[in-house]
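Novice: Input: one structure, supplied below.
What follows draws every value from the coordinates through simple rules; no lab data is involved. Because the structure is predicted, anything quoted here is derived from the model rather than measured. Glycine gets a Cβ as well: all are built from the backbone with ideal geometry, and neighbour counts include every protein chain shown.
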Amino acid sequence: MKFELFIARRYLVRGRKTTFISIISVVSIVGIAIGVAALIIALSLINGFQNDIRNKILDSTAHIMVNSMMGDGVGGYEPLIAELEKRFDKVVSASPVVFGTVLIKGSGKNASGAILRGIDFNEIDDHMGWLKKLEWGRLPTSPRELVIGKDLAIKLGLFEGDDCMIIAPQPVLSPTGVMPRMKKYRISGVFKSGLYEVDNGTVISSLSAAQQLFKLKDKISYIQIYLDDMFDAEDVVADMRSFLPVHLSVITWKDLNASLYSALKLEKTVLFFTLTLIIIVAALNIIAGLILLVIQKIKDIGILLSYGATPRMIKKIFFIQGGIIGVLGTTAGVVIGVLFTWCANKFELIKVPSELYQMSYVPFNIGGFDLAAVIFVSLLISFTATLIPSRKAASVNVVEAVKNE
């Protein structure tokens, strides 16, 4: 192998007559590097976007939700929660939630639709850490207080200590006829979850206050469950369905955001195959360059064969030469791709509107599997591209090659 490697390196970097071939080799290396770097950057962008969105969604949405199929609320939830936490080891926490749509109106003329969530503030865990670190104010301490999303607060001009009117869809019969149910609340704090849809359309009160507002009495809308590993949700749900009463349904975080994750997965797959074409085009340069080199070095090949070199050794020479081009291009591409993603995260190079993309800048996340897949595909294409030229070199007839020497 030392002999073949020596000749391959000599053909690749030396010789005044191989200037054009060397240029093709450089172009091949650059092409593969660009393709590999583009693949790494694109996949890192998709991973970063997907992970950031998923984490922010799960900060405001449970891994698993248990609710009533009839839509009339879940009764007797306290012993059910205790049983769920006891029976399933993967369950980290389970807590009650009241959920409903309302109209919120400030002191001025502005009003906006919103989602009112009633939770037990004593059971806030790390999955809702943004409620522990409010932008302003404090958590509610009475049934007449609530916290409001930052973007919604700015839109309505509501801040800590201000009063607001909550109008619920459940009607109330009064002497003047049917009237909407209205209650006055005070803003005790303002939160920011990082998810625009939540910050622009959510208010949170105590569990008892929400039960009273929506006339649920001792019922709740659903039980929110958090797991030690969110990707175990489907397995846990399969076991839960055999345990829970038939009138209760179970939904996972994947079910709630199926369309979003399906679109991101499809986009990632399409990007991978599309950008792989860049590497394939660069591999065609390897084929062209090596074939030209075989034609130019045909007399050298004949001499090597006449001195005892075997066709297998000749084949290895050109295979190694193409492999060196592929390895150099792949290595350069990996370095460029990793360096760019590090700089993009470090300096937040790509800014985006937070109201559209739920983030202020595009995060990049290099997955180990994705990086290995890119390297494997690049090297596979590069080494495959060397097969045609190396076979052509090995098939040279020694008599024809040296007869004019």
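Novice: Considering only C-alpha atoms, what is the centroid distance from the range 131-150 to the range 234-304, in Å?
Specialist: Using only Cα atoms to place each centre, the spacing works out to 44 Å.
Novice: Right, another one. What fraction of the Cα pairs in the range 1-128, stated in percent, has a spacing above 17 angstrom?
Specialist: In whole percent, the share of Cα-Cα pairs in the range 1-128 beyond 17 Å is 78.
Novice: So, one more: Compute the label zone of F3 within the range 298-328: residues whose backbone N is under 17 Å from the point 7 Å along Cα-to-Cβ.
Specialist: 300-321
Novice: Using the Cβ atoms and a cut-off under 14 Å, what net charge is assigned to the surroundings of V237, where Lys and Arg are +1 and Asp and Glu are -1?
Specialist: -2
Novice: To the nearest 20 debye, what charge dipole does the range 202-314 have about its Cα centre, counting +1 at the Cβ of each Lys and Arg and -1 at the Cβ of each Asp and Glu?
Specialist: 460
Novice: Hydropathy first: keep DSSP H helices in the chain averaging at least -0.5 on Kyte-Doolittle, then drop any whose Cα extent along the axis falls short of 18 Å, and list what survives.
Specialist: Helices passing the filter in the chain: 19-60, 258-296, 311-347, 368-385.
Novice: In straight Cα distance, which lysines are under 22 Å from K217, not counting same-chain residues fewer than 8 positions off?
Specialist: K183, K184
Novice: Here's something else I'd like to know. With springs only between Cα atoms under 10 Å, which of V246, V203, V236 fluctuates most in a Gaussian network model of the chain?
Specialist: V246
Novice: Grab the beta carbon distance between V30 and I154, set R0 = 51 Å, and tell me the FRET efficiency rounded to 0.05.
Specialist: With R0 = 51 Å, the Cβ-Cβ based efficiency is 0.55.
Novice: Give, as ranges by residue number, the residues of the range 45-72 whose backbone N falls under 13 Å from the point 7 Å along Cα→Cβ of N257.
Specialist: Residues 47-64 fall inside that zone.
Novice: Calculated from the structure, semi-axes √(5λ) of the Cα gyration tensor in Å equals which of [x] 67, 23, 15; [y] 35, 31, 21; [z] 31, 27, 19?
Specialist: Identified label for the calculated read-out: [x].
Novice: Another one. So which aspartates and glutamates can K297 reach, going by Cα to Cα under 15 Å and dropping same-chain residues fewer than 8 places off?
Specialist: E4, E400, E405
Novice: Taking 0.36 nm per residue of sequence separation and subtracting the Cα-Cα distance, how much length would be gained by fully extending the chain between F369 and E197, in nm to one decimal?
Specialist: Gain on extension, F369 to E197, equals 58.8 nm.
Novice: Then there's this: Using the alpha-carbon centroid of each, what span in Å lies between the range 315-365 and the range 185-204?
Specialist: Between the Cα centres of the range 315-365 and the range 185-204 lies a distance of 37 Å.
Novice: Cα to Cα, under 20 Å, and not fewer than 8 places away if on the same chain: which lysines meet these conditions relative to K265?
Specialist: Leaving aside lysines fewer than 8 places away in the same chain, those within reach of K265 are K56, K254.
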